[in-house]
1. Distance in nm between label sites at GLU151 and LYS354, each 7 Å beyond Cα in the beta-carbon direction?
2. Among the lysines, which fall within straight-line cross-link reach of LYS55, defined as a Cα-Cα distance under 18 Å, with same-chain neighbours fewer than 8 residues apart omitted?
3. Under a GNM of the chain (C-alpha, springs under 10 Å), which listed residue has the highest mean-square fluctuation: LYS343, LYS209, LYS307?
4. What accessible area per residue comes out for the chain, rounded to a whole number of Å², with a 1.4 Å probe?
5. Past 27 Å, Cα to Cα, is the threshold; run LYS280/LYS380; LYS74/LYS350; LYS144/LYS214; LYS141/LYS343; LYS74/LYS234 against it and keep the listed order.
6. Would you kindly compute the Cα radius of gyration of the chain and its largest Cα-Cα separation (Dmax), both in Å?
7. Can you tell me the FRET efficiency between LEU267 and GLU382 if r is taken as the Cβ-Cβ distance and R0 is 22 Å, rounded to the nearest 0.05?
8. Among the aspartates and glutamates, which have Cα under 12 Å from the Cα of LYS367 when same-chain residues fewer than 8 positions away are ignored?
Amino acid sequence: MPTPEKHALLSASSAHRWLACTAAPRFEAQFPETTSEYAEEGRLAHAICELKVLKHFAGLAQRTYTLRLNKLKKNPLYSAEMDKTSDVYLEHLVEKAMTYDSPPGVSPEVRVDFGEYVPEGFGTCDCIMIGGDTLDITDYKHGKGVPVSAENNSQMRLYALGALKRYRPAYGDRIKKVRMTIDQPRIQNEVSTETIPVEDLLRWGESIKPIAAKAYMGLGDFHPGEHCRFCRGKAQCRARAEQNTALEEFKDCVPGGKAQTDNKGILTDAEVGDLLERGKQLVAWYKDLEDYALHAVLDGGNIPGWKAVAGRSNRAFTDRDAAISAAIQAGYDEALLYDRIPKSLSEIEKLMGKAEFADKLGSFVIKPQGKPTLVPISDKREPYSPAAADFSGVAEDG
Ligand code: SF4
């Protein structure tokens, strides 16, 4: 299975953070690296993707492929969904390879070195494709929390710089542009891609060199922001705490003295917008603080003024079948004890297959508009439309 980039102080995957907060890498180094089940799942999914690419593009023998795949499937974290998402990933690569005039060279899991730009920087490209004048790198993301865009993506650009360094000696000036793609099949049907000329990529690489040097030496300043989300020190970072407790910043959102003079003491909608924007970071920070304190207390630590208690829980049968049998023996009709619940739409689609499902049941499927959710204006989704919600699912009858 692919190994994590855990030894690079300035990893490509954390570049968006250390480019914004140069103090982060050395600060984070005080906190132990942890791995989550999600990360392990991601590594397993990557290994399956790699195997499929090797079989399709590099002629891995069927027998070896099956043996290796079966071994991966024995991992307790394996799920059938991984098989599907790796198929989608392979499909996207095959489609891309077909756009070249002649078959491109394709290599999965290529280690690349971008140390020329970032001290000790290295990483692994999930797939590199080279053909014509284009060097193409694809990153598979198994996470389904946040959609990741390839545009201005520092991780992808660092990989691309490393890939360029590796392949330029062989391909020379034939490589004129670099295409970077993020494939996240669990949450996005379409891949996200950015293509830039090689000169622009090299220029970007030069522009980040001084920032990377500063971050490597631990000389930089702390700059809290959205990028704190995956920082290992996010709960205990003083700079982040100071920013979130700087109530003067909130005062800018609600100018003093207005309560007596304007708008009968009511906040304006513009003020509400500003407060929501400001409060978002505060809520995220408070949750991180709570999470840290709970773990500290459970580990035997003392957070003055706080303790851990058992949360609410629901009663459950120790053996549901035995309990139902006992109820039947006590004279209750079986029909009263069971609900007959049909399988879900997704389960039935899985059972029938996509084509048969679309053919036989497609006319019974509607997709109602989701519940309205408040998001920042920068979110790419269409604004919620109450009219569309009222009419969603109503078939046109001419
Ligand atoms: S929590 Fe944020 S401000 Fe603090 S070190 Fe990490 S990235 Fe920088």
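1. Distance between the two pseudo-spin positions: 2.6 nm.
2. LYS71, LYS73, LYS84, LYS96
3. LYS343
4. Details: 26180 Å² over 398 residues.
Roughly 66 Å² per residue, with all protein chains present.
5. Details: LYS280/LYS380 18 Å; LYS74/LYS350 22 Å; LYS144/LYS214 33 Å; LYS141/LYS343 30 Å; LYS74/LYS234 35 Å.
Distance filter (> 27 Å) returns LYS144/LYS214; LYS141/LYS343; LYS74/LYS234.
6. Cα radius of gyration and Dmax of the chain are 26.6, 84 Å respectively.
7. Numbers: r = 28 Å, r/R0 = 1.25.
Given R0 = 22 Å and the Cβ-Cβ separation, E is 0.20.
8. Within the straight-line limit of under 12 Å, LYS367 reaches no aspartates and glutamates at all.
The values are calculated or read from the model by the stated rules, or taken from the named source; none is laboratory data. Keep in mind it's a predicted model, so treat the numbers as computed, not measured. All Cβ positions, glycine included, derive from the backbone under ideal geometry; neighbour counts span all protein chains shown. We work out accessible area using only protein heavy atoms, side chains counted, and drop any ligands, DNA or RNA first. Shrake-Rupley method; radii C 1.70, N 1.55, O 1.52, S 1.80 Å.
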